[in-house]
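Data first, discussion second: the structure below is written as structure tokens.
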Amino acid sequence: MLSLEQQNRLREQYSQEHPRWRPATEVYAALVRVRLGPHSRVLDLGCGRGGLVEQLSHPLHKIAGIDPDLTSLRQHRLSLPRAQAFSRRLPFPGECFDLAFASWLLEHLLDPAADLREVRRVLRPGAYFIFITPNAGHPLIGLNRLVSRLRGLQTALVQRLYGRQAADTFPAYYRANNREQLQQLAPQAGLRLSELRFVPDPTYLAFTPALFRIAQRLDALLPQERAVHLVGSFQRV
């Protein structure tokens, strides 16, 4: 398997060959920054040990993080207010946040309508919830769903390919992971799907040169709506 440095070189090569392409994480961060005001109170859902909040230069006392994993919360790299909780039951009063965001969370929700209703509850009217998540329509995600039925195999692959330990690997259900699902969930939760972008990324498989080439060919054949990543936003109505 290629080293991280070699993988990053492949990503840089792809960026140079496709100058209009941006990684989904950059598209996501840009969308958050557009909605982030200087006085915004922000909720990071599934905050883990850090992530996007480390890039925002926003006052930490105006950001709250929640995560069900206590170890991750204790190891968070910033001293922001945080609590052990699930998104389906948030420990906050209603209408207290101007912006919420979630990185790689929607795919893990067993009942996404319930979680989205709870997110709506804590958002102020007109506020946005911005997300990045895998696209269930991509063949790679279909393969992951198949592998996930063999829990031990999935854990071993995640550890091997991404360097994540079993404690950091959570079940994925993919019940809010395509346009149709998101459009159906929005009115159920009192939200409006205000934006949805489909972002291809063959560097997702930049573990070996051969896998990278296969991923490039696959992305070239797939229609836009089956790109591997979804970045979007809901607005409270």
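Some observations on this one:
- Counting only protein heavy atoms and a probe of 1.4 Å, the accessible surface of the chain is 53% carbon and sulfur.
- The heavy atoms of ILE214 offer some 100 square angstrom of accessible surface to a 1.4 angstrom probe.
- Between the C-alpha center of segment 99-138 and that of segment 198-226 there is a gap of 26 Å.
- Its Cα centre serving as origin, segment 75-118 has a Cβ charge dipole (Lys and Arg +1, Asp and Glu -1) of approximately 220 debye.
- For segment 225-230, the Karplus equation 6.51 cos²θ - 1.76 cosθ + 1.60, evaluated at θ = phi - 60°, returns couplings of 6, 10, 4, 5, 10, 10 Hz by residue, with Gly and Pro reported as x.
- Take the Cβ atoms of LEU60 and LEU221, set R0 to 45 Å, and the FRET efficiency comes out at 0.50.
- Per residue, the average separation of C-alpha pairs within less than 8 Å and at least 6 apart gives segment 32-155 a relative contact order of 23 percent.
- Loop-located chymotrypsin sites (Phe, Trp or Tyr not before Pro) in segment 165-229 (DSSP state other than H, G, I, E, B) with a sparse environment of at most 10 neighbouring Cβ atoms within 10 Å are absent.
- Each residue of segment 21-27 was assigned a 3J(HN,Hα) from its phi angle through the Karplus curve 6.51 cos²θ - 1.76 cosθ + 1.60 (θ = phi - 60°); the sequence is 7, 10, x, 4, 5, 6, 4 Hz, with glycine and proline shown as x.
- Rounded to the nearest 20, the Cβ-based charge dipole of segment 78-152 about its Cα centre (Lys and Arg +1, Asp and Glu -1) stands at 220 debye.
- Given the chain, longest segment not containing exposed loop trypsin sites (Lys or Arg not before Pro) (DSSP; at most 11 other Cβ within 10 Å): 150-237
- Residue of SER57, SER194, SER79 that the Gaussian network model of the chain assigns the largest fluctuation, springs spanning Cα pairs under 10 Å: SER57
- A simple rule links phi to the HN-Hα coupling: the Karplus curve 6.51 cos²θ - 1.76 cosθ + 1.60 with θ = phi - 60°, which for segment 133-145 gives 7, x, 8, 5, x, 7, x, 5, 6, x, 5, 5, 5 Hz, with x for Gly and Pro.
- Relative contact order (%) - criterion: Cα under 8 Å, at least six apart; region: the chain: 22
The values are calculated or read from the model by the stated rules, or taken from the named source; none is laboratory data. No experiment lies behind these values; they were computed from the predicted model shown. All Cβ positions, glycine included, derive from the backbone under ideal geometry; neighbour counts span all protein chains shown. For accessibility, only protein heavy atoms count, side chains too; no ligands or nucleic acids. Shrake-Rupley method; radii C 1.70, N 1.55, O 1.52, S 1.80 Å.
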